[in-house]
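The values are calculated or read from the model by the stated rules, or taken from the named source; none is laboratory data. Treat the numbers as computed from the prediction; the structure is a model and nothing was measured. Quick reminder, even Gly has a Cβ in these numbers, built from the backbone with ideal geometry, and neighbours come from all protein chains shown.
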Amino acid sequence: MEQQQTDTSTGLHGDVKSIESSLKALWERARRTAEVIHGLREDKRALEAKVGEMESEVRRLQQELLKKEQALKATASQGDGGAGKSAFLSNGEKEALAAKIKVLLSKIEAYL
């Protein structure tokens with residue numbers, strides 16, 4: 001009878017050790033997962049801030065483009081002789097600005 005109790009307690013002790021080691025492994029995985037999640041959240045915040053900056057830059061460039069277009073229209077409506085030259089320069093600036101906006105929009109899309 002004593003032999004049976006010893007076998008049972010030894011078997012029980014082995015099961016407890018097995019459960020403890022499994023729980024420790026599970027706890028370690030949960031800790032590592034929490035660290036990864038924390039890092040991903042920080043990355044997300046940084047990317048959202050970058051997207052916000054880029055969107056602000058796009059808005060600023062669009063406003064700048066609008067102002068230049070209005071100035072170009074005003075110059076063209078005045079009908080002076082130098083309007084053709086001014087329109088050419090403004091048109092080149094317009095193309096450069098449009099290219100900047102496209103680049104910023106592509107960067108925003110890449111971050112999203």
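Evaluation of LEU112 against the conditions (1) within 30 Å of LEU40 (Cα to Cα); (2) loosely packed, with under 13 Cβ neighbours inside 10 Å; (3) of a type outside the set (Phe, Trp, Tyr); (4) at pLDDT 80 or above shows that the sole unmet condition is (4). Could you go through the range 3-24 and let me know if any residue there is at pLDDT 85 or above and acidic (Asp, Glu). Yes, the range 3-24 has at least one match.
Beta carbons closer than 6 Å, at least 6 apart along the sequence or on distinct chains, pair a first residue in the range 97-111 that is farther than 13 Å from LEU65 by Cβ with a second that is exposed (fewer than 15 other Cβ atoms within 10 Å of the Cβ) for TYR111/LEU47.
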